[in-house]
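Only one structure is covered here, and it is reproduced in the block below.
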Amino acid sequence: MSVNTTSFVLGRGWDSFGYKLEGAFQSGQTGIKKGSDDVNLDGFGIAAEVYFPAKESKWEWSGKVGMATGDTDANNFSGFAFNKNYDVGMLIFNHRLGGADFFNTNAVKPSAQNGSTLNVGNSADDESVGNAFYVAPSVNYTINERFNLRNTVVYAQLMNTLQNSVDAKKDLGLEWDIELVYKPVERVQWVNQLGLLFPGEAWKNGTANLGNDFTFGFTTKAAISF
């Protein structure tokens, strides 16, 4: 296996606006052959962020948009996965969802732990952005010096449906994340987050009629910065 990655990062910030842009492009060999032909790597991902600092206002706006390829054929593996620590939504692109590998990221996810095969029901926080386009606007409201309330809406769709699927759609649906941050003292945060996922038709995978029920999750965590 031989992987070449070319990346670029751009960013600039002003008093009232800032942006960050990153792109990565992979090429090389997977080390796998289909018949006498090598299976090549050919994927890329792009992520952008914009933000509008609050300054004197209690409102702060930001947004994320990006995509990752995911098409695969007999001679090329075009799947690309973001680093799993890059979070877009609390649920989508963060935890395993659905009845199949819609994001084409099984190649980079762990398959087993402590002798058990990992799946949707027994894994956490190991999913990545892959084979998808997303847009995620966010607004943060400063209630007072100790409480912040952040709302994020994520819309996503597949770049490519699963191979051999029939009448499959690309709409992954909407996720609404609500986050309450409490700062009892400087440098200490207690974060409570509720994620509500309203799945689209893509999760059914066409005539396979897989599940796409409403999904929700709640997390609470504390953080200390130095």
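Taking the conditions (1) more than 27 Å from G99 (Cβ to Cβ); (2) at pLDDT 95 or above in turn, E145 satisfies each one other than (2). Restricting attention to the range 123-142, the residues that are in a strand (DSSP E or B) and farther than 16 Å from G200 by Cβ add up to 7.
I'd like the full set of residues that are under 20 Å from the mean Cα position of the chain (by Cα) and of a type in the set (A, V, I, L, M), limited to the range 178-190. Selection gives I178 alone.
Of the residues making up the range 148-169, those that are in contact with a Lys or Arg (Cβ under 7 Å, 6 or more places away or on another chain) and open to solvent by 30 Å² or more (accessible area, probe 1.4 Å) number 2. Within the range 190-214, the set of residues being touching a residue at least 40 places away in the same chain (Cβ under 8 Å) and at positive phi comprises N205, G206.
For the range 171-189, indicate whether the set of residues that are of a type in the set (D, E, K, R) and free of Cβ contacts under 8 Å to residues at least 12 places away in the same chain is non-empty. Yes, that holds for at least one residue.
Condition first: surrounded by 13 or more Cβ atoms within 10 Å (Cβ to Cβ) and not in a strand (DSSP E or B). Now tell me which residues in the range 170-210 satisfy that. Within the range 170-210, K170, K183, G200, E201, A202, W203, K204, N205, G206, A208, L210 qualify. Being over 19 Å from the mean Cα position of the chain (by Cα), β-branched (V, I, T) and within 29 Å of V120 (Cβ to Cβ) is a description that applies to V3. V185 falls short on exactly one of the conditions (1) within 25 Å of S225 (Cα to Cα); (2) touching a strand residue (DSSP E or B) at 6+ places or on another chain (Cβ under 9 Å); (3) β-branched (V, I, T), and that condition is (2). Are any residues in the range 22-48 open to solvent by 50 Å² or more (accessible area, probe 1.4 Å) and within 19 Å of F133 (Cα to Cα), and if so, which ones? Answer for the range 22-48, where residues must be open to solvent by 50 Å² or more (accessible area, probe 1.4 Å) and within 19 Å of F133 (Cα to Cα): E22, F25, Q26, D42, F44, I46.
Taken over the range 49-59, the criterion of being of a type in the set (D, E, K, R) and open to solvent by 70 Å² or more (accessible area, probe 1.4 Å) is satisfied by K55, E56, K58. Among the residues that make up the range 79-97, is at least one of them crowded, with 16+ Cβ neighbours inside 10 Å and among the polar types (S, T, N, Q)? Yes, because at least one residue in the range 79-97 is crowded, with 16+ Cβ neighbours inside 10 Å and among the polar types (S, T, N, Q). Remark: pairs (first residue in the range 53-70, over 30 Å from F102 (Cα atoms); second residue open to solvent by less than 40 Å² (accessible area, probe 1.4 Å) and in a strand (DSSP E or B); Cβ separation under 6 Å; 6+ apart in sequence or on different chains) = E60/N140; W61/V139. When the residues of the range 160-187 are filtered to those that are among the hydrophobic types (A, V, I, L, M, F, W, C) and modelled with pLDDT under 95, the one that is farthest from G211 (Cα to Cα) is V185. Of all residue pairs spaced 6 or more apart or on separate chains, those with beta-carbon atoms under 6 Å, a first member in the range 13-34 that is within 10 Å of Y51 (Cβ to Cβ) and a second member that is assigned to a strand (DSSP E or B) and acidic (D, E) are K20/E49.
The values are calculated or read from the model by the stated rules, or taken from the named source; none is laboratory data. Because the structure is predicted, anything quoted here is derived from the model rather than measured. For neighbour counting, all protein chains shown are included, and Cβ atoms are generated from backbone atoms with ideal geometry for every residue, glycine included. Surface areas here come from the heavy atoms of the whole protein model, side chains and all, with no ligands, DNA or RNA. Shrake-Rupley method; radii C 1.70, N 1.55, O 1.52, S 1.80 Å.
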